[in-house]
Amino acid sequence: MESALRIPVLETGRKSCLHCQTEYSAQSNSLFCCKGCETVHFLLKGRGLDQKPKAIQEDLSYLDDSEFVQSYATHESREMLFYLEGVHCAACVWLTEKLPDFCPGVEFLQLNLASGVARVRLYESGSFAQAAREIARLGYRPFPVKQGQSDELRKKEDRKLLIQLGVAGMLSGNIMLLAVALYAGASGALAELFKWSSFILFLPVLFYSAVPFFKSAWASLRVKQVSIDVPIVFGLAVGTAVSIVNLFMGSDQIYFDSLSTLVFLLLSTRYLLKKVNQHALNSSEWAHFLAPAKAKRFIGHSSKTETVSVNLLRPNDLIQVLPGECFPVDGVVVQGEGAVNCSLLTGESALVAASPGTAVNAGTWNQHSPLIVRVVASGPKTRLNRILASVESSLRSRAPIVAYVDRVGQAFVVAVLALAVLGFFIGLFVSGVQEGFQRALAIAIVVCPCTFALATPLAISLSIGRAAKAGILVKGADVLERLSQVRTVFFDKTGTLTVGELRVSHWDQFSDGAAEALMALEIRSAHPIARAVQRYFQGRFEWLPEVEDFREQPGKGVSGTIRGDRFEVRSHPSLDQTVSTRVGLFKNGVIVGAMTFSDVLREDSKSSVDQLKAMGLHVGILSGDAGGPVQDVSGQLGIQPGNSFSALSPEQKAEVVKGSPFTLMVGDGANDAVALAQAHASVAVQGGMEMSLRVASVYSSQSGVRSIPALLVLAQETLRVIRRNLVFAVVYNLVGIAVALSGRLDPLFAAVLMPLSALTVFLSTMAGTGKLRRAFR
């Protein structure tokens with residue numbers, strides 16, 4: 001079969017013909033050496049006379065070649081990516097992922113519906129060639145690809161489908177014109193000419209445009225499964241057979257117009273769904289929201305630059321990154337000095353000095369001066385893309401509701417075939433064979449399993465895409481369903497609800513010159529309290545007194561001699577520590593000033609907590625800080641004291657989360673890793689992305705918690721859209737079956753209704769998820 005063949009490009013720049021295996025120029029876009037081979041091949045294939053040639057075994061044996069495996073395989077040469085030609089819906093995912101059931105050497109196959117790329121992992125005794133042969137037997141032509149190299153193959157397949165759609169549209173239009181003349185009363189020799197002309201025009205539609213349906217149905221039946229295309233092929237086959245018989249018998253009951261229009265409408269729906277699926281986000285597209293897709297590359301050895309796609313960059317290319325720009329590649333600074341913000345990858349907000357020889361990564365930011373960078377890795381080879389690829393399997397995970405709908409859809413297809421047979425016998429007893437066929441064909445056509453297949457994956461894909469565009473990475477479809485079930489939200493305090501740095505909230509001066517002495521001491525320290533004092537008094541003094549014998553004792557404070565007097569900055573039992581941190585300035589042992597420090601709330605914390613409470617959720621705080629600061633923050637946010645926990649270790653946080661069902665934990669990807677991993681769902685809002693994606697369900701590149709209410713609304717609305725779509729799918733199919741069984745539904749009108757039902761689900765999903773854009777603004 002064609003789906004099981006790979007056209008090898010030979011080292012001599014030649015490739016072999018798909019039909020006769022004759023070598024010809026690789027510059028040709030055709031799969032055949034001549035038009036004769038192409039005509040014979042499709043003629044044999046259309047009539048089912050083609051057989052699986054032995055050359056298939058030889059053609060795919062190169063997949064196990066050691067040099068090829070070393071180049072294409074990963075994970076100790078046990079995993080390889082294949083682009084699968086012919087993937088178009090959720091049923092394809094279900095069918096291909098059954099590969100381990102009948103190919104013992106395969107550990108698993110995971111198919112990304114958005115990109116059409118399957119990740120095949122073998123056991124030690126497995127064979128990539130054998131796995132590829134079995135995939136081909138399922139009706140999907142496999143092409144080995146490297147990470148990020150499937151776009152050209154996908155475009156090629158899209159063009160082929162578009163040509164099939166165009167052929168079906170053109171010919172069905174002409175067949176309809178001939179049918180109108182017949183319906184209008186054409187008779188005699190002219191009517192016979194029109195009927196035979198319709199038949200001739202219908203043949204390319206059947207043997208070329210409808211091929212994807214036959215291939216998919218046959219492949220599923222070969223592995224004893226029933227796909228969505230089986231009832232479609234059943235209707236086409238029966239309709240064609242009856243029409244041909246009636247044509248030769250001179251009867252007017254032919255359905256070439258209905259059948260060709262059906263193929264055109266089905267292909268239109270399939271092409272639309274395919275484009276929608278391709279717009280679903282996968283890991284490589286996530287990176288586009290976190291790192292630039294273009295770069296300024298130096299032209300030769302000149303000082304001029306050109307803007308190019310990062311995919312065109314090669315190792316050792318030189319690029320320019322200006323201040324305020326994001327690094328598009330992994331590389332090494334070769335010229336310039338500045339500072340880099342690496343918080344996306346490391347979680348550290350402090351800038352890192354950059355100078356010649358400093359390594360930089362895609363997704364980090366140049367903050368100061370222009371830098372010239374030598375490219376080390378670009379595109380899928382960057383550290384950022386590798387991190388995102390590491391969670392790709394989670395992204396492909398299916399939510400329980402999706403798995404349930406898939407099972408319902410499979411059972412529904414079998415039921416459709418049974419109902420078509422029932423409709424035939426009802427029509428047979430009511431009015432004869434002709435009526436029986438009409439009813440069976442109408443049932444097979446009008447029933448739309450695609451509404452089940454489309455109802456869930458489309459809504460989930462679009463929602464994950466909306467979140468990604470807002471800088472929020474949701475690791476999988478199952479995460480959205482878990483988020484929709486959340487009843488309690490626990491926040492970490494420091495750095496999550498608060499800014500994460502101490503600030504002076506109040507200063508009491510009991511003696512003249514105390515402020516100048518305090519600043520003179522603290523300007524010599526890098527302690528967080530010292531930095532808070534420096535920010536508070538910045539620009540207030542034209543001069544500061546000289547400090548002698550300066551000392552800093554970790555955990556205690558700083559001290560020094562100013563004009564012969566000994567000053568100390570330290571805590572004291574007399575200072576109230578129950579609400580916030582209090583530190584005193586002492587002159588010769590006598591307090592002359594006191595400061596109150598607090599970790600200031602983020603601007604969005606209060607509004608976000610209020611929104612969550614308005615949604616009927618319980619909100620609490622899990623913090624390792626002392627009770628005073630935690631209760632202070634709780635009071636400002638209006639959180640009940642009983643829902644705020646202080647002085648907790650990471651393990652204690654995890655125990656609280658574990659004991660609370662349907663909990664969302666929001667915190668730091670590194671410091672709250674244990675609690676994030678134990679929660680029903682979790683969001684890491686700060687910390688390095690690499691660590692966060694290992695332990696959390698969701699990573700937010702936004703600072704603060706303003707995205708949390710929007711994320712929960714996204715999940716709830718997505719599930720609401722899915723349920724609405726499923727209700728429509730059930731109602732539509734039940735009504736369609738009832739009308740078809742009663743004999744009141746013409747097959748042609750059924751062919752119009754079927755894709756319209758899928759289009760309705762599509763528009764419903766687009767409208768429902770489109771409302772969510774405002775949530776992230």
Give the peptides 259-268, 415-424 in descending order of average Cβ contacts within 10 Å, highest first. 259-268, 415-424
Plugging the Cβ-Cβ distance of GLN538 and ARG314 into 1/(1 + (r/R0)^6) at R0 = 56 Å yields, to the nearest 0.05, a FRET efficiency of 0.75
Report ³J(HN,Hα) in whole Hz for each residue of the stretch 521-534, in order, from the Karplus equation J = 6.51 cos²θ - 1.76 cosθ + 1.60 where θ = phi - 60°; Gly and Pro get x. 6, 6, 5, 8, 10, 10, 4, x, 5, 4, 5, 5, 5, 4
Between PHE550 and GLU655, how many nm apart are label points set 7 Å from Cα along the C-beta direction? 4.5 nm
Heavy-atom accessible area of ASP599, protein chains in place, probe 1.4 angstrom, given in Å² to nearest 10, is 30 Å²
Would you please put 466-474, 239-247 in order of how densely packed they are, using the mean number of other Cβ atoms within 10 angstrom per residue and starting with the highest? 466-474, 239-247
How much of the pair distance distribution for the stretch 61-147 lies past 16 Å, counting alpha-carbon pairs only, in percent? 44 percent
What order do SER757, SER431 take when sorted by accessible area (1.4 Å probe), most exposed first? SER431, SER757
Row for the stretch 289-388, column shape: gyration tensor on C-alpha, a ≥ b ≥ c, rounded if a/c < 1.5 i.e. under 1.5, prolate if a/b over b/c, else oblate; value oblate
Which value, in Å² and to the nearest 10, is the accessible area of VAL600 when all protein chains are kept and the probe is 1.4 Å? 50 Å²
Heavy-atom SASA rank of PHE749, PHE128 (probe 1.4 Å, accessible area, largest first): PHE749, PHE128
Put TRP543, TRP196, TRP507 in order of accessible area, largest first, probe 1.4 Å, and you get TRP543, TRP196, TRP507
Provide the solvent-accessible area of ARG503, counting protein heavy atoms only and rolling a 1.4 Å probe, rounded to the nearest 10 Å². 100 Å²
Virtual spin-label span in nm between SER125 and PHE298, 7 Å along Cα→Cβ: 5.7 nm
How far apart, in nanometres, would the label points at GLN702 and VAL590 be if each is projected 7 angstrom from Cα along the Cα-to-Cβ direction? 5.4 nm
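The values are calculated or read from the model by the stated rules, or taken from the named source; none is laboratory data. Predicted model, so just to flag it, every value in this text is computed and none were measured. We place every Cβ from the backbone using ideal geometry, glycine too, and count neighbours over all the protein chains shown. Please note that ligands, DNA and RNA were not included when accessible areas were found on the heavy atoms of the full protein model with its side chains. Shrake-Rupley method; radii C 1.70, N 1.55, O 1.52, S 1.80 Å.
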